[in-house]
1. Calculate, for residue 64 and residue 99, the FRET efficiency according to 1/(1 + (r/R0)^6) with r their C-beta to C-beta distance and R0 30 Å; round to the nearest 0.05.
2. Restricting to DSSP H runs of at least four residues, report the calculated mean residue ellipticity at 222 nm for the chain, -39500 (n - 2.57) per run over all residues, nearest 500 deg cm²/dmol.
3. Among 59, 26, 90, whose Cα lies farthest out toward the positive end of the dipole of the chain, if unit charges sit on the beta carbon of Lys, Arg (+1) and Asp, Glu (-1)?
4. Please compute P(r) over all alpha-carbon pairs of the chain, binned at 5 Å starting from zero, and give each bin as a whole-number percent.
5. On full extension of the chain, what length is gained from residue 121 through residue 7, given 0.36 nm per residue of separation minus the C-alpha to C-alpha distance?
6. With no solvent and one point per C-alpha, what does the Debye sum give as log10 I(q)/I(0) for region 55-102 at q = 0.18, 0.20, 0.31 Å⁻¹?
7. Between residue 79 and residue 50, what length in nm is gained on full extension when 0.36 nm per residue of separation is reduced by their alpha carbon distance?
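No value in this document is a laboratory result; all are computed from the given coordinates. None of the values given here were measured: they were computed from a predicted structure. Every residue, glycine among them, receives a Cβ derived from its backbone with ideal geometry; neighbour counts consider all protein chains shown.
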Amino acid sequence: MDEDRPFGIPLLGIISFLGGVVLAFIGIVLMGVIIFGDVPTGSGSFIAGALTFGVGMLFIAVAIGAWFTLPWARTVGLATAVLGLVAGVITLVTTGAIAHGIATFVFPIFLLWYLNRPKVKEAFRNQE
């Protein structure tokens with residue numbers, strides 16, 4: 001590991017991986033693939049699930065990039081965070097499930113904040 005990079009970047013990789021797994025799981029539940037009790041249904045629930053699952057997979061890719069401080073990881077992380085916010089809105093609107101919507105919002109907001117910190121920007125820039 002590079003000693004110049006902030007401690008939070010590998011931590012971001014771990015959190016991004018865990019967040020990606022959670023989002024992928026939420027997506028699978030919304031698509032109706034796995035059912036544990038009541039399932040939020042409504043028009044577009046499957047589409048919201050597919051989008052949430054896709055965003056989860058992107059977060060896992062960002063996790064790998066952050067762990068190794070790959071230059072593309074910051075850009076993909078920012079784009080993924082925005083997609084995560086969009087997925088949260090779509091999930092909230094199509095299912096009416098506030099818990100699923102909030103769960104989809106939390107990590108993207110943190111990711112946008114953290115990836116825009118000056119030392120984090122510099123760490124990814126130095127790897128180019």
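1. E between residue 64 and residue 99, to the nearest 0.05, is 0.60.
2. -26000 deg cm²/dmol
3. Final value for the positive-end residue is 90.
4. 2, 13, 23, 21, 14, 11, 8, 5, 3, 1
5. So the chain would gain 39.7 nm between residue 121 and residue 7.
6. -0.56, -0.64, -1.01
7. 8.7 nm is the gain from fully extending residue 79 to residue 50.
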